[in-house]
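Worksheet: the structure to be examined is printed underneath.
The values are calculated or read from the model by the stated rules, or taken from the named source; none is laboratory data. Keep in mind the model is a prediction, meaning the values are calculated, not measured. Counting neighbours? That spans all protein chains shown, and the Cβs are built from the backbone with ideal geometry, glycine included.
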Amino acid sequence: MRRIINKSLLAGTIVLASLFSFQQQAQGQVLTPENQFIYLRHIMEQAQTVQEKNATMLLIGQTGTLQAMKYAQNYLQDKSIKKSAAKAVASIAKAHPEYKEYVSLFNGKDLTGWKGLVENPIKRAKMSGSELAEAQKKADEIMRRDWTVEDGCLTYVGHGFENICTEKNYKDFEMTCDWRLDPNGKEPDAGVYLRGTPQVQIWDIRRTNVGAQVGSGGLYNNQKNESKPSSVQDNKLGEWNTFYIKMVGDKVTVKLNGVVVVDNVTMENYWDRKQPIFPSEQIEMQAHGSKVYFRDIFIREL
């Protein structure tokens, strides 16, 4: 696919539109709006002329996704394509007024708003204020060692199992994030902890020895309720993917690249299965042993 993109970036709307149409039909697959945007963003990054950029931006506006609207907003101050960007933003915002309620959890520049992981929610709750403060100081040092910002991405560069956590706790919410596993990493594996609890799973689906062939997006640590995603929707290892995650009470819905893979499933309390899930806790990005990238992390509290 990328070889075709690289050779086909010629000037003009017609060429770009034709390329996009080809991508949609490649291997008999109709791309979801989420995957359409992933490919169009790749095209935008390679575009050489103003004409190419404007044509791509207009197509981005047609995808209608939150990620596309937020991306287009970055170009509103670019004189050469600000009109196309404004059209894209306006078109998506009109169709999805709820998108205006999403806020960014990651600014793409530094680790503002994030902290290191201190134990689990049950153990944290038992700590005194001074104990927690001291533990948090040490956890933040580890966090800054293992997590960094590379090319606008929240990036795991460590070797252990240290999560990076939101400073704020969340109750019910909808969130989106893009993620990518390092194709050269050893046993790529990651996840998203919801209210401090593992986890919406991310892994290399080629790792059949650990059951990864079921795909990403499942509630991996469930025992009684469904833990596997309903279908495999992962893009090729090393390419970007998009999560939409909704959590209300103890019910979780997950879309991977625009397809529902977890549909209103009860998430179990991994730390104490006799208790229900915590009503409010932090969100955590998890990785272990292999480089992982996250970008465009947005949340809307319900």
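A few points about this structure:
- Candidates ALA95, ALA86, filtered to the one that is surrounded by fewer than 19 Cβ atoms within 10 Å (Cβ to Cβ), modelled with pLDDT of 95 or more and in contact with a Leu (Cβ under 7 Å, 6 or more places away or on another chain): ALA86
- Qualifying residue in the range 171-191 (condition: basic (Lys, Arg), farther than 27 Å from GLU226 by Cα and not in a loop (DSSP other than H, G, I, E, B)): no
- Any hit, the range 209-223, residues being touching a residue at least 24 places away in the same chain (Cβ under 8 Å) and either touching a Leu at 6+ places or on another chain (Cβ under 7 Å) or not assigned by TED's automatic domain parsing to the domain that holds THR155 (or both): yes
- When the test is whether a residue is farther than 26 Å from MET143 by Cα, touching a residue at least 24 places away in the same chain (Cβ under 8 Å) and either in the same structural domain as THR155 (by TED's automatic domain parsing) or touching a Phe, Trp or Tyr at 6+ places or on another chain (Cβ under 9 Å) (or both), ASP263 passes it.
- Criterion applied to ALA93, ALA68 was being of a type in the set (Gly, Ala, Ser), over 23 Å from ARG180 (Cα atoms) and under 22 Å from the mean Cα position of the chain (by Cα), and the one residue passing it is ALA93.
- Contact annotation: no residue pair with Cβ atoms under 7 Å, 6 or more positions apart or on different chains, pairs a residue in the range 125-136 that is farther than 15 Å from ASN169 by Cβ and in the same structural domain as PHE278 (by TED's automatic domain parsing) with a partner that is among the hydroxyl-bearing types (Ser, Thr, Tyr) and not in a helix (DSSP H, G or I).
- All conditions but one from (1) under 21 Å from the mean Cα position of the chain (by Cα); (2) outside any loop (DSSP other than H, G, I, E, B) apply to PHE161; the one that does not is (2).
- Filtering the range 224-252 to residues that are over 16 Å from THR197 (Cβ atoms) and free of Cβ contacts under 8 Å to residues at least 24 places away in the same chain leaves LYS228, LYS236.
- Selection status of LEU16, of a type in the set (A, V, I, L, M, F, W, C), at pLDDT below 95 and assigned by TED's automatic domain parsing to the domain that holds ALA86: yes
- Qualifying residues in the range 98-122 (those that are free of Cβ contacts under 8 Å to residues at least 12 places away in the same chain and part of a loop (DSSP other than H, G, I, E, B)) - the one surrounded by the most Cβ atoms within 10 Å (Cβ to Cβ): ASN107
- Those residues of the range 156-186 which are more than 22 Å from TYR102 (Cβ to Cβ) and surrounded by 15 or more Cβ atoms within 10 Å (Cβ to Cβ), in sequence order: TYR156, GLY158, GLU162, ASN163, LEU181, ASP182, GLY185
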